[in-house]
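Input: a single structure, listed below in structure tokens.
Every number in this text was worked out from the coordinates using simple rules, so none of it is lab data. Note that this is a predicted model, so its numbers are computed, not measured. A quick note on method: Cβ atoms are made from the backbone with ideal geometry, for glycine too, and the neighbour counts reach across all protein chains shown.
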Amino acid sequence: DAGVTQTPRHEVAEKGQTIILKCEPVSGHNDLFWYRQTKIQGLELLSYFRSKSLMEDGGAFKDRFKAEMLNSSFSTLKIQPTEPKDSAVYLCASRPGTGEYEQYFGPGTRLTVL
Amino acid sequence: QEKVQQSPESLIVPEGAMSSLNCTFSNSASQSIWWYQQHPGKGPEALISIFSNGNKKEGRLTVYLNRASLHVSLHIRDSQPSDSAVYLCAVVSSGSWQLIFGSGTQLTVMP
């Protein structure tokens with residue numbers, strides 16, 4: 001079975017640009033998560049979808065970060081406009097959503113904002 | 001919100017030694033505790049989870065949970081260089097859907 005796929009693996013953006021990160025969850029999984037990972041803050045939740053419905057929109061991340069689930073097998077995370085402090089690894093994870101808590105993570109997208 | 005703290009921040013052990021990692025959490029009603037392993041350039045991967053007080057053993061891994069002291073530990077017997085990675089402790093609060101992660105322990109196993 002294919003795991004979680006994320007593209008691109010690396011992204012370099014100029015300050016103020018719009019970038020879109022993509023994620024394909026494990027086939028059949030109902031729950032999808034977006035996280036940001038930095039050395040200082042660790043893993044921070046950005047968004048959570050259950051059966052394509054947005055359940056959590058990340059609080060402090062709301063204004064420039066927007067995650068969407070276009071269908072059950074594809075999600076995007078848009079950052080607009082980007083700032084240097086957004087430089088981090090962005091991870092997508094999915095899980096079956098049937099009472100199981102284990103999350104399956106993709107390899108991440110490393111974003112550098114200049 | 002649940003708080004998860006890990007220690008030490010980094011740990012260096014020789015090949016064949018026991019590696020011991022610690023994690024404390026803030027809510028004794030936490031539903032389950034997970035340990036994830038993350039190699040450079042990869043996403044975290046679940047290793048082992050525990051719900052009940054006591055210990056759980058899987059292969060070279062043993063987890064000990066003490067809800068009264070809000071403490072969980074991971075022990076890796078006969079550590080190998082391939083075990084070198086960041087280990088993340090994650091907690092699911094009772095009644096919650098969310099995994100709250102600690103900041104991680106960087107384990108280095110020297111050949």
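Worth pointing out:
- Label zone at B:Ser28, where the point sits 7 Å out along the Cα-to-Cβ direction: the stretch B:71-104 residues whose backbone N lies under 14 Å: B:71
- Scattering curve values for chain A, log₁₀ I(q)/I(0), Debye with Cα scatterers, q = 0.09, 0.20 Å⁻¹: -0.21, -1.04
- 5 angstrom amide H check on B:Gly104, placed H, neighbours 5+ away: B:Gln6, B:Cys89
- Each 5 Å bin from zero holds the following percent of Cα-Cα pairs in the stretch A:25-65: 6, 22, 25, 23, 15, 7, 2.
- The string of couplings for the stretch B:88-97 from the Karplus curve (6.51, -1.76, 1.60, θ = phi - 60°) is 10, 9, 9, 10, 9, 6, 4, x, 10, 9 Hz, one whole number per residue in order, with x for Gly and Pro.
- The H on the amide N of A:Ala67, modeled in the peptide plane, is under 5 Å from the matching H of A:Lys78, each at least 5 residues off or on a different chain.
- Relative contact order of chain A, defined on C-alpha pairs under 8 angstrom at six or more residues apart (%): 37 percent
- Taken over the stretch A:46-102, the alpha-carbon convex hull comes to 97 cubic angstrom per residue.
- Set against the 2.2 N^0.38 Å expectation for a compact globular protein, the protein assembly as shown has a Cα radius of gyration ratio of 1.03.
- Gyration tensor (alpha-carbon) shape descriptor, chain B, a/c threshold 1.5: prolate
- Two numbers describe the Cα atoms of the stretch A:1-51: Rg and Dmax, which are 13.1, 38 Å.
- Range of Cα positions in the stretch B:16-56 per principal axis (Å), largest first: 34, 26, 17
- Between the beta carbons of A:Met55 and B:Lys57, assuming R0 = 35 Å, the FRET efficiency works out to 0.50 to the nearest 0.05.
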